[in-house]
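Below is one structure, written out as structure tokens; the observations come after it.
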Amino acid sequence: MIEISVNGRTQSVDAEPDTPLLWVLRDWLGMTGTKYGCGIAQCGACSVLVDGQAMRSCQVPVESVAGQQILTIEAMADHPVGKKVVEAWVAAQAPQCGYCQSGQVIAATGMLLQTPKPTEDDIAGAMTNLCRCGTYLDIAAAVKRAAETA
């Protein structure tokens, strides 16, 4: 059994130590807001916050995050910065299909936790998640808006 803290709750999971965190979240804990995209940590759809840093959960072994605080998209409405990001996403009408949006919101929240007053270059450098719909300008506008209100 491996104990992890997800969205403020300690969870015990009977998983192999090298099981990707993504599958523990989705299959063991039923938290399907974190999406599977590519499986090789390139697209960012699977992003979660681990101790405030955005990580791509498809390549993070569950054992490596034991004892750390994991936050998923399901917790963003209750997180002070995450809530501002979600509100900015809605105001900027950033999502189209929405598939990548949970990872985008997590990436933006993680970036704003590290860099509360980002420049446009900071935003461009941190927001490396892929968007199939190409809403990168709307996403950047939402991040900028969240930074101004956070």
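Being part of a helix (DSSP H, G or I) and either farther than 30 Å from Ile2 by Cα or outside the structural domain of Ala140 (by TED's automatic domain parsing) (or both): is that true of Ala88 here? Even if it seems obvious, please write down each step before you answer.
Details: part of a helix (DSSP H, G or I): yes; either farther than 30 Å from Ile2 by Cα or outside the structural domain of Ala140 (by TED's automatic domain parsing) (or both): yes.
So Ala88 passes the test.
How about region 17-53: which of its residues are among the hydroxyl-bearing types (Ser, Thr, Tyr) and farther than 15 Å from Ile106 by Cα?
Narrowing region 17-53 to residues among the hydroxyl-bearing types (Ser, Thr, Tyr): 19, 32, 34, 36, 47.
Within region 17-53, Thr19 is the sole residue that qualifies.
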Out of (1) surrounded by 18 or more Cβ atoms within 10 Å (Cβ to Cβ); (2) assigned to a helix (DSSP H, G or I), the odd one out for Cys131 is which?
(2)
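Which of the following residues is surrounded by fewer than 23 Cβ atoms within 10 Å (Cβ to Cβ), of a type outside the set (Phe, Trp, Tyr), assigned to a helix (DSSP H, G or I) and free of Cβ contacts under 8 Å to residues at least 40 places away in the same chain: Asp138, Asp122?
Values: Asp138 fails: free of Cβ contacts under 8 Å to residues at least 40 places away in the same chain.
Answer to the check: Asp122.
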Give region 91-105 a look and list any residue that's in contact (Cβ under 8 Å) with a residue 60 or more places away in the chain and part of a helix (DSSP H, G or I), or say none.
Ser102, Gly103, Gln104
Name the single residue that is surrounded by the most Cβ atoms within 10 Å (Cβ to Cβ) among those in region 59-87 being over 15 Å from the mean Cα position of the chain (by Cα) and over 25 Å from Gln42 (Cβ atoms).
Glu87
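Hey, can you tell me all the residues within region 32-45 that are surrounded by 19 or more Cβ atoms within 10 Å (Cβ to Cβ) and either farther than 16 Å from Cys97 by Cα or aliphatic (A, V, I, L, M) (or both)? First the steps, then the outcome.
Step one: of region 32-45, the residues surrounded by 19 or more Cβ atoms within 10 Å (Cβ to Cβ) are 34-35, 37, 43-45.
Residue satisfying the conditions is Ala45 alone.
The values are calculated or read from the model by the stated rules, or taken from the named source; none is laboratory data. Please read all numbers here as calculations on a predicted model, not as lab measurements. Positions of Cβ are backbone-derived with ideal geometry, glycine not excepted, and every protein chain shown enters the neighbour counts.
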